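Below is one structure; the comments refer to it alone.
Rule-based calculations on the coordinates, nothing more; no lab input. Please read these numbers as outputs of a predicted model, since none were measured by experiment. Cβ placement follows ideal geometry from the backbone for every residue including glycine, while neighbour counts extend to all protein chains displayed.
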Amino acid sequence: MTSLLIVIVLVLLGIAIWQLTKIFDLTQIGTAVNGDSEVANDRDNNVNGYLMFAFLGFIYVFTIYSLVKWGHLALGTPASEHGPQYDNLMTISLVLIFIVQTITQFLLHYFAFKYRGKKGQVAFYYADNDKLEFVWTIIPVIVLAGLILYGLYAWTNIMFVDENKEDTIVVELYAKQFSWEARYAGEDGVLGKANVRYIEGVNTLGVDMSDPNAQDDIQSTELHLPKGKQVIFKFRSQDVLHSAYMPHFRAQMNVVPGMVTQFAFTPTITTEEMRLDPKIMDKVANINKIRSEKSADLIADGGEALSPYTFDYLLLCNKICGASHYNMQMKIVVEDEADFNKWLGEKKTLGAAVKESQASEAPAEAAPAPATEEQEAATVIDSTVVDHK
Ligand SMILES: [Cu+2]
């Protein structure tokens with residue numbers, strides 16, 4: 001320990017002496033006889049001027065290279081009704097940023113080159129120019145105002161939910177560390193009330209079973225959506241802040257504990273149709289190429305080959321919510337309405353599921369009891385709550 005301290009002291013002493021000699025060197029500026037001082041001369045300025053130009057070229061070339069090399073990683077064909085509008089806003093913003101960046105970077109580096117230091121050249125004093133200031137203020141104002149207005153228009157369009165619109169379905173998405181569950185409102189189109197305090201056994205979403213609207217609700221661990229029908233999502237969280245992210249549908253909404261958030265969209269492309277989309281086919285082929293290369297390595301090591309990947313829509317969590325956040329996802333299946341209805345029809349309603357589990361657990365007990373005081377006091381975070389009787 002002592003020797004380490006001695007070494008540190010010696011190193012610091014060395015740095016101090018080195019710094020002192022530098023200060024001494026600086027005091028000698030201007031007194032050098034041969035002109036070999038630390039002050040930049042014309043040659044240094046020229047080198048820096050041309051380096052500025054080279055850097056400008058580097059920015060342009062790298063931008064183009066990035067677009068060509070990674071451009072295909074963008075999201076691809078939007079699968080919801082509002083998707084194209086969203087993509088349009090994104091494209092307009094990117095094109096504007098691209099134009100402004102190209103021009104301003106050119107000006108910045110060109111002027112740095114043009115007005116590089118020259119021996120005997122003095123800076124020109126130029127106070128201000130009203131006309132010039134007016135132009136470079138008013139142009140960004142107009143462009144930004146236009147962009148913001150268009151953005152607000154698109155946002156209201158996307159976020160507007162016509163609650164009275166017929167032929168919609170209501171789906172609740174319930175987030176918890178680290179999985180999703182879905183609940184369909186059932187025949188009546190109304191979700192039953194819910195609270196974490198009611199979580200018990202098969203009732204994993206804490207639905208209030210004394211609410212008449214809750215009886216026909218249907219729970220699922222896979223999200224099925226009918227093509228061409230507006231889906232109103234209601235988001236709830238059991239524990240921490242999550243974010244429901246459905247990139248193919250250009251949809252994202254925060255999922256906040258203690259409140260219900262909402263988003264609605266109409267899916268326009270079924271899973272089967274999307275699998276035939278050229279961009280998706282390219283992506284799948286690329287992923288499978290990587291997987292087969294990996295499989296070859298695995299087999300060489302005596303392991304098992306990876307199964308080939310097929311495309312599926314996904315619901316992902318987009319807020320870092322804990323250790324397994326990266327794997328918090330749910331498969332989304334978009335299908336024709338008939339298939340969707342068939343799938344939903346085969347599922348048990350929550351009322352039936354709760355009754356069934358109660359019958360098998362405690363045959364003596366009759367109807368589902370509303371939450372008792374004891375249940376209210378139960379730890380809400382623990383979803384493995386079983387029996388409070
Ligand atoms: Cu999460």
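Which entries of K294/K319; K176/K331; K176/K234; K176/K319 have Cα-Cα distances beyond 18 Å here?
Working: K294/K319 30 Å; K176/K331 16 Å; K176/K234 14 Å; K176/K319 12 Å.
K294/K319, as the Cα separations exceed 18 Å there.
Which net charge results when you count Lys and Arg as +1 and Asp and Glu as -1 among the other residues whose beta-carbon is under 14 Å from that of Q121?
+3
Quick one: Karplus J couplings for the stretch 312-329, per residue in order, coefficients 6.51, -1.76, 1.60, θ = phi - 60°, nearest Hz, x for Gly and Pro?
Calculated HN-Hα couplings, in order: 9, 5, 9, 9, 10, 8, 10, 10, 5, 10, x, 4, 9, 3, 4, 10, 8, 8 Hz.
Which value, in debye to the nearest 20, gives the size of the charge dipole of the chain about its Cα centre, when Lys and Arg are +1 and Asp and Glu are -1 at the Cβ?
Roughly 2020 debye, rounded to the nearest 20.
Starting from the amide H of A194, placed 1.01 Å from N in the peptide plane, find each other amide H under 5 Å away whose residue is 5 or more places distant or on another chain.
D208
Using only Cα atoms and rounding to the nearest 10 degrees, what angle (0 to 90) does helix 42-70 make with the longest principal axis of the chain?
Around 20 degrees separate the two axes.
So which residue, out of V135, V95, V333, gets the largest mean-square fluctuation from a GNM of the chain using Cα contacts under 10 Å as springs?
Of V135, V95, V333, the most mobile in the Gaussian network model is V135.
How much space per residue, in cubic angstrom, does the convex hull of the C-alpha atoms of the stretch 223-265 take up?
68
Taking only Cα atoms, what is the 0 to 90° angle, nearest 10, from helix 2-27's long axis to the longest principal axis of the chain?
50
Along the charge dipole of the chain, pointing to its positive end and built from +1/-1 on Cβ of Lys, Arg, Asp and Glu, which listed residue (I17, P257, A185) has its Cα farthest out?
The residue sitting farthest along the positive end of the dipole is I17.
Which one of A79, L149, F124 has its Cα pushed farthest toward the positive end of the charge dipole of the stretch 42-159, where Lys and Arg give +1 and Asp and Glu give -1 at the Cβ?
F124
Go ahead and run the numbers for FRET between E361 and R275, Cβ-Cβ distance against an R0 of 56 Å, rounding to 0.05.
E between E361 and R275, to the nearest 0.05, is 0.85.
Give me the angle, in degrees from 0 to 90, between the Cα long axis of helix 278-300 and the longest principal axis of the Cα atoms of the chain, rounded to the nearest 10.
90
Output the relative contact order of the chain, whole-number percent, from Cα pairs under 8 angstrom with separation of 6+ residues.
17
Between I99 and F55, what FRET efficiency comes out of the Förster formula 1/(1 + (r/R0)^6) with R0 = 25 Å and r the beta carbon distance, rounded to 0.05? Walk me through the numbers on the way to the answer.
Values: r = 20 Å, r/R0 = 0.79.
FRET efficiency, F55 to I99: 0.80.
Take the alpha carbon gyration tensor of the stretch 42-159, find the square roots of its eigenvalues, order them as a ≥ b ≥ c, and report rounded if a/c is under 1.5; if not, report prolate when a/b exceeds b/c, else oblate.
Oblate is the answer for the stretch 42-159, as a/c is 1.5 or above yet b/c matches or exceeds a/b.
Tell me, in nm to one decimal, what length is gained between I299 and N164 on full extension, where the rule is 0.36 nm per residue of separation less the Cα-Cα distance?
Computed gain between I299 and N164 is 42.9 nm.
Please build a GNM for the chain, connecting alpha carbons under 10 Å apart, and tell me which residue among N288, N327, N41 fluctuates the most.
Answer for the Gaussian network model of the chain: N41.
Each label point is 7 Å from the Cα along the Cα-to-Cβ direction; what then is the distance between the points at F62 and D188, in nm?
Computed distance between label sites F62 and D188 equals 6.0 nm.
With a Förster radius of 30 Å, plug the Cβ-Cβ distance of D42 and L12 into 1/(1 + (r/R0)^6) and report the FRET value to the nearest 0.05. Please list the in-between numbers first.
Working: r = 39 Å, r/R0 = 1.30.
The calculated FRET efficiency here is 0.15.
Would you mind telling me which residue in V256, V61, V190 has the biggest mean-square fluctuation in a Gaussian network model of the chain, where springs connect alpha carbons within a distance under 10 angstrom?
Most flexible of the set in this elastic network: V61.
Grab the Cα-Cα distance for H72 and I290, subtract it from 0.36 nm times how many residues apart they are, and report the gain in nm with one decimal.
On the way: separation 218, 0.36 × 218 = 78.48 nm, distance 1.63 nm.
Gain in length upon complete extension: 76.8 nm.
So if I average 1/r over every pair of distinct C-alpha atoms in the chain and take the inverse, what Kirkwood radius in Å does that give?
27.6
If contacts are Cα pairs under 8 angstrom and at least 6 residues apart, what is the relative contact order of the stretch 42-159 in percent?
Dividing the mean separation by the residue count of the stretch 42-159 yields 51 percent.
Across all directions of projection, what mean area in square nanometres is found for the Cα convex hull of the stretch 107-247?
That works out to 16.8 nm².
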